[in-house]
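See below for the structure under consideration.
None of the figures in this text is laboratory data; all of them are computed from the coordinates on show. Quick caveat: nothing in here was measured; it's all calculated off a predicted structure. Here the Cβ positions follow ideal geometry from the backbone for every residue, glycine too, while neighbour counts run over all protein chains shown.
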């Protein structure tokens, strides 16, 4: 695991030593993270990794049991100091997974309500409602009620309502998970456009690594309440710090092959894969191969793994073949369908040197 950047004075969000415990269970472990102004940070990880718990603490819905959170240099939560700034005073807006619109109010009424609560006068409210309706391209829905518009339109209204008070920080809790696949892709583009238009610092929670890689300026990959790696998405994809990151990110994710040292070679079973020097003296390591490094086409002198065919799916004009070697599930990229049935034997050719080497504890070996 690599260290995340230490906070600096001009961070939009500064998280220092943050922890959250529920009885004997620790949901967030001593987390430190800094987010620069205007960033689009995506928190990504499997269910139960702590990403939504972290977002709730950022929003002020939950208090940390340790550490602190600062927005633009102002402490808004402190586990030790007992500081909990009211969510309404944090200059942050939260978009929930559910749209949470008031059914008895029109679209304009939903958007204008937080402005009325904040004390905006009528003229200012009307001007801002018109502004965000235009920004979200839903001006024609102004006088409709939530039951009269589609799910995608309701999500736009929910985002418009959050944007209306002009928050400096936007928080998104899996806002696209209730939409169909085509609409999710369209809304990803819309959210990125809105982010650019507002200039707000955004924190977006998802378990979908495709969303993370396409939307983020920064990604924090979370696992078991910790940040496994933090940085620009391409940096994480090209140079994963742990086996978890290597096998979680990417479409398809990387293939991880456990190997042992046998003389001058690292072998999987009896198949020689790479020079033993790559293990740096370790008897056992794990080798990362990208899907494009595995193929079903024979190559002279290249090692071959005997596998069992599982499935094949088209991907960007090529085929992604999935096969199993013992308990390992491996992905390969080929030009054509293999023309065999699930359960049939298939040979996977390994091309080139491994993309990365990891110790048995999951940490990268440089």
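Rounded to the nearest 10 degrees, what's the angle between the helix 107-117 long axis and the longest principal axis of the chain, both from Cα atoms, 0 to 90?
Once rounded, the angle reads 70 degrees.
How much length is gained if the chain between residue 277 and residue 47 is pulled fully straight, taking 0.36 nm per residue apart and subtracting their Cα-Cα distance, in nm to one decimal?
Stretched fully, the residue 277-residue 47 segment lengthens by 79.0 nm.
Roughly speaking, what is the stretch gain from residue 328 to residue 316, that is 0.36 nm per residue apart minus the C-alpha to C-alpha distance, in nm to one decimal?
Details: separation 12, 0.36 × 12 = 4.32 nm, distance 2.47 nm.
Contour length minus the Cα-Cα distance gives 1.8 nm.
For the chain, find the longest principal axis of its Cα atoms and tell me its angle to the long axis of helix 151-163, 0 to 90°, nearest 10.
60
Output the direction-averaged projected area (hull surface divided by four) of the convex hull of the alpha-carbon atoms of the chain, in nm².
Details: hull surface 88.6 nm².
Over every viewing direction, the Cα hull of the chain projects on average to 22.1 nm².
Could I have the simple spin-label model distance between residue 361 and residue 299, label points 7 Å from Cα toward Cβ, reported in nm to one decimal?
That separation, rounded to one decimal, is 3.3 nm.
When a/c is below 1.5 the answer is rounded, else prolate if a/b is larger than b/c, else oblate, so apply that to the stretch 319-359 with a ≥ b ≥ c taken from the square roots of the Cα gyration tensor eigenvalues.
On the way: a/c = 2.66, a/b = 1.55, b/c = 1.71.
Taking the square roots of the gyration eigenvalues as a ≥ b ≥ c, the stretch 319-359 is oblate.
Grab the DSSP H runs of the chain that are 4 residues or longer, score each as -39,500 (n - 2.57), total them, divide by all residues and round the 222 nm result to the nearest 500 deg cm²/dmol.
-7000 deg cm²/dmol
Kirkwood hydrodynamic radius (Cα pairs, Å) of the stretch 108-214?
Evaluated over the stretch 108-214, this radius sits at 14.5 Å.
Per q in 0.15, 0.22 1/Å, what log10 I(q)/I(0) does a Debye calculation on the alpha-carbon atoms of the stretch 252-365 return?
Debye curve over Cα of the stretch 252-365, log10 I(q)/I(0) at q = 0.15, 0.22 Å⁻¹: -0.63, -1.20.
Determine the distance separating the Cα centre of the stretch 22-89 from the Cα centre of the stretch 97-136; give it in Å without decimals.
27
For Cα pairs less than 8 Å apart in space and 6+ apart in sequence, what is the mean separation divided by the residue count of the chain, i.e. the relative contact order in percent? Each step should come with its number before you reach the end.
On the way: 771 pairs, mean separation 55.9, N = 366.
Computed value for the chain: 15 percent relative contact order.
Ratio to report: Rg/Rh of the stretch 109-163, with Cα atoms as the point set and Rh obtained by the Kirkwood method; give two decimals. Don't jump to the answer; show the numbers that get you there.
Details: Rg = 10.7 Å, Rh = 11.2 Å.
Radius of gyration over Kirkwood radius for the stretch 109-163 works out to 0.95.
Rounded to a whole number of µm²/s, how large is the Stokes-Einstein D of the stretch 1-110 at 25 °C and 0.890 mPa s, given Rh as the Kirkwood radius over C-alpha pairs?
161
Quick one: angle between helix 181-198 and the longest Cα principal axis of the chain, in degrees between 0 and 90, rounded to 10, please.
The angle comes out at about 60 degrees.
Could you estimate the translational diffusion coefficient of the stretch 172-293 from the Stokes-Einstein equation, with Rh from the Kirkwood formula over C-alpha pairs, at 20 °C and 1.002 mPa s, in whole µm²/s? Numbers along the way, then the final one.
Values: Rh = 16.8 Å.
Estimated diffusion coefficient is 128 µm²/s.
Relative contact order for the stretch 252-365: what is it in percent, counting Cα pairs under 8 Å that are at least 6 residues apart?
29
Could you tell me whether the stretch 288-328 comes out rounded, prolate or oblate from its Cα gyration tensor? Rule is a ≥ b ≥ c as square roots of the eigenvalues, rounded for a/c under 1.5, then prolate if a/b exceeds b/c, otherwise oblate.
Oblate shape, in that a/c is at least 1.5 and b/c is the bigger or equal ratio.
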